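Heads up, the thing below is written out as structure tokens.
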Amino acid sequence: MSETEQPPAARAEGVRKVYGTGSAQVVALDDVTLEVPRGRFTAVMGPSGSGKSTLMHCLAGLDTVDGGAVYVGDVALGGLSDTALTRLRRDRIGFVFQSFNLLPTLTALENITLPLRVAGRRPDPEWLSTIIDTVGLRDRLDHRPAQLSGGQQQRVACARALVGRPDVVFADEPTGNLDSRSGAEVLRFLRDAARDGQAIVMVTHDPLAAAWTDDVVFLSDGRIVDRLAEPTADAVLERMKSFDRQGADLEPVAAR
Ligand code: ADP
Ligand code: MG
């Protein structure tokens, strides 16, 4: 099969996700269809509660869907046993969480290589070294998470997500806790990984962060309401403002 015939790294087809029951029911995702292409860096944006994290969790097989289907490559996640799903997540998906989710008793280097070691794989030394330098952790490898700043911990988490060269990496606000300089280092790293052929999906609130990506998908109330290719920070900001205007009829204009 040639490169061009490969399926997208991941895709959601008419995905619906509902939390709770009865009057407490929340439709978190409503008929969401999205392709995550290889070699592209995709941003997911939208107001708080619009379903961004839910979409990432469903695409990564960390949560089940109530309608529609999620595929990683050509594998439908809904048809997999728990064991097969765990294995697929381990081998083909990287995830960077909003909270760093590092193991406190392990060093930075041990945290980075843990998923590979669990999978019985050995890190490619050259790629591991590249990752360590790009996220700027060379002199922190022996430190435990508590000895690292929030920014350094998130960079460990990014390195951990990418070290196994997964098909797709999902990052939920990976730069949310970083200063702008280390944020830019992480964004450059994610963008370069995408240029290397990896699919990367990132949730962000920040138009400047979104400007590093190739495509922006805007969510509102669990639905995809807009898309923007080759985004600039200004273009993203304009779109966000227009959504604010649509959604804020009762807000006095003078407040903005
Ligand atoms: P975002 O990441 O865009 O802020 P989320 O995906 O976290 O949004 O949430 C989407 C909607 O689903 C929100 O209304 C949220 O309150 C609800 N939600 C998310 N997770 C749960 C859960 N585990 N139980 C109940 N409701 C949830
Ligand atoms: Mg979220």
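Quick notes
- Residue under evaluation L187, criteria (1) out of contact with any Cys (no Cβ under 9 Å at 6 or more places or on another chain); (2) assigned to a strand (DSSP E or B); (3) not charged (D, E, K, R), criterion not met: (2)
- The listed residue being acidic (D, E), farther than 22 Å from D124 by Cβ and not in a loop (DSSP other than H, G, I, E, B), out of D234, D192, D139: D234
- Residue that is away from ligand 1 (no atom under 15 Å from the Cβ) and touching a Ser or Thr at 6+ places or on another chain (Cβ under 8 Å), where the choices are G46, G78: G78
- Residue, nearest to ligand 2 (Cβ to nearest atom), within region 174-204, restricted to residues that are surrounded by fewer than 18 Cβ atoms within 10 Å (Cβ to Cβ) and under 13 Å from the mean Cα position of the chain (by Cα): G176
- Any chance P7 is in a loop (DSSP other than H, G, I, E, B), away from ligand 1 (no atom under 16 Å from the Cβ) and at pLDDT below 95: yes
Quick grid of which residues meet (1) among the small types (G, A, S); (2) in a helix (DSSP H, G or I); (3) at pLDDT 95 or above:
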{"site": "F170", "(1), (2), (3)": "no, no, yes"}
{"site": "S182", "(1), (2), (3)": "yes, yes, no"}
{"site": "M202", "(1), (2), (3)": "no, no, yes"}
{"site": "L208", "(1), (2), (3)": "no, yes, yes"}
{"site": "V225", "(1), (2), (3)": "no, no, yes"}
{"site": "D244", "(1), (2), (3)": "no, yes, no"}
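- From the list G39, G51, G73, G46, the one residue that fits, being farther than 19 Å from A171 by Cβ and touching a residue at least 12 places away in the same chain (Cβ under 8 Å), is G73.
- Residue list for region 90-105, filter: part of a loop (DSSP other than H, G, I, E, B) and within 16 Å of ligand 2 (Cβ to nearest atom): F97, Q98, S99, F100, N101
The values are calculated or read from the model by the stated rules, or taken from the named source; none is laboratory data. These numbers were taken from a predicted model, which means no experiment stands behind them. So basically every Cβ, Gly included, is an ideal-geometry build from the backbone, and we count neighbours across all protein chains shown.
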